[in-house]
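Every number here is computed from the coordinates shown, using simple stated rules; none is lab data. As the structure is a computational prediction, the values presented were derived from the model and not from experiment. When we count neighbours, we look across all protein chains shown, and the Cβ atoms used for this are built from the backbone with ideal geometry, even at glycine.
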């Protein structure tokens, strides 16, 4: 009697478990190892899923893609989740869907329409706005939250304003009460860039579920990872259809796989259930997978990415708990130095799943950002600046057309004086206390206090 495939697979998975335990499971030692600000956190379960994809032979749009989309939508409490190859692609797809010809008129925007968004941003939050001929209206941020100042929203609305596109910076939710109130009053569409903020809540509701679209990133720095990858979510079925079409080259068929024997699409001539009525001005045997109803892209993710996501989404609450615990240690330990630093704050209705711990050097401090960053590096602590800072100062954006409401003083302050350190779940309390103590030693050595 031969060996079954299930027996072979079981043996392979046991070896994966052994390999992970022997060679991949290792804790970082503060002061000896370099402490990254972020990184992928996974175990042998994710590795076994990756191996399972290889053994299945189905590398794109298989069972894991469908499972991940369903699990993600259920976790977020939304009707539709569309898996893509990055968070940047999710942002692109969100704006593209509002421009597509298959989108219902009440959600469609046109070139020259305005999009309210912060100037403190990541490039691929802004880039889709520019790619589609829309005009950004930049708002300043609050230096403690690094989100838009909500009191500026009403002032920013003009005759051509159609969209509010807001990132929840570093996992810190915006004041969604004000955002939605202004949007409803002026019939504006809201897109939430939640790439930093999976698991964050405002008023008990997960961010990304408030607007017509929410976007998420699964780059290793974020709350869960698929290596590269992203998700677009919406409660509006018509927008989900358009997004799937655009993701898959703009084609008319958005089904995961094509089997004419089981396909229930009565409008497709390839399906055995074809009604005989063909609706497109093409040869009558042209099936819908080669009928293009939008000018689309290829933004598909792989089964490998989805296989990681299926396990990672099961762990998101655990990851967020550890991020909050790490953040709380730094917040408490650094309060004694608020004379020199602006520490992060958040709305009373918010429960952030923190991407990182931001710190801003106060005006008048006896040191500059570059001094503390050099000190952190010497002590093997990684850091990052707050993305693009003031995007209007970046060389690639000098020629863009935009308007500003309320000045950009805090945005420029953040560009020159803010940075962040890590709280990701690959770090623990011992690492947080080491980071806090390193900052303490820097302050003492610099100020003599």
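With R₀ set to 51 Å, the beta-carbon distance separating residue 398 from residue 14 gives a calculated FRET efficiency near 0.30. The listed peptides 270-279, 302-311, 96-105, ordered by packing as a protection proxy, come out as 302-311, 96-105, 270-279 (highest mean of other Cβ atoms within 10 Å first).
For the chain, modelled as a GNM whose springs connect Cα atoms under 10 angstrom apart, the maximal fluctuation among 380, 18, 63 occurs at 18.
Computed from Cα positions, the angle between helix 5-19 and the longest principal axis of the chain comes to roughly 10 degrees.
Rounded to the nearest 10 degrees, the angle from helix 429-447 to the longest Cα principal axis of the chain is 40 degrees.
Could you calculate the FRET efficiency of residue 316 with residue 367 from 1/(1 + (r/R0)^6), where r is the beta carbon distance between them and R0 is 41 Å, rounded to 0.05? Could the numbers behind the result be given before it?
Values: r = 37 Å, r/R0 = 0.91.
Calculated transfer efficiency: 0.65.
Calculated on the Cα set of the chain, radius of gyration then Dmax: 23.9, 85 Å.
For the stretch 315-447, the square roots of the Cα gyration tensor eigenvalues, ordered a ≥ b ≥ c, give a/c of at least 1.5 with a/b no greater than b/c, which places it in the oblate category. Taking each residue as 0.36 nm, the span from residue 238 to residue 185 lengthens on full extension beyond its C-alpha to C-alpha distance by 16.8 nm. Spin-label model, residue 249 to residue 298: label points 7 Å out along the Cα-to-beta-carbon direction sit 0.8 nm apart. Largest GNM mean-square fluctuation across 268, 258, 195, computed for the chain with C-alpha springs under 10 Å, falls on 258.
The peptide list 27-33, 162-168, 416-422, put in order of mean Cβ contacts within 10 Å with the highest first, becomes 162-168, 416-422, 27-33.
For the stretch 1-17 and the stretch 259-290, what is the centre-to-centre distance using only Cα atoms, to the nearest Å? Spelled out, the Cα-based centre of one part sits 42 Å from the other. Computed from label points 7 Å out along Cα-Cβ, the spacing between residue 3 and residue 377 is 5.1 nm.
Please give the length that would be gained between residue 32 and residue 155 if that part of the chain were fully extended, namely 0.36 nm times their separation in residues minus their C-alpha to C-alpha distance (nm, one decimal). Walk me through the intermediate numbers first.
Working: separation 123, 0.36 × 123 = 44.28 nm, distance 5.13 nm.
Stretched out fully, the residue 32 to residue 155 stretch lengthens by 39.2 nm.
Helix 44-56 and the longest principal axis of the Cα set of the chain meet at an angle near 30°. With a/c under 1.5 counting as rounded, go ahead and sort the stretch 213-316 into rounded, prolate or oblate using the C-alpha gyration tensor (a ≥ b ≥ c being the square roots of the eigenvalues; past the cut-off, prolate if a/b is larger than b/c, else oblate). Prolate.
Return a whole-number percent for the relative contact order of the chain, with Cα pairs under 8 Å and 6 or more residues apart as the contact set.
Numbers: 917 pairs, mean separation 100.4, N = 449.
After rounding, I find 22 percent.
Among 185, 331, 247, the residue with the largest mean-square fluctuation in a Gaussian network model of the chain, with springs joining Cα atoms closer than 10 Å, is 185. Model label points for residue 335 and residue 101, set 7 angstrom from Cα along the Cα-to-Cβ axis, are 6.0 nm apart.
I need the calculated FRET efficiency for the pair residue 290 and residue 131, taking r as the beta carbon distance and R₀ as 30 Å, to the nearest 0.05.
0.70
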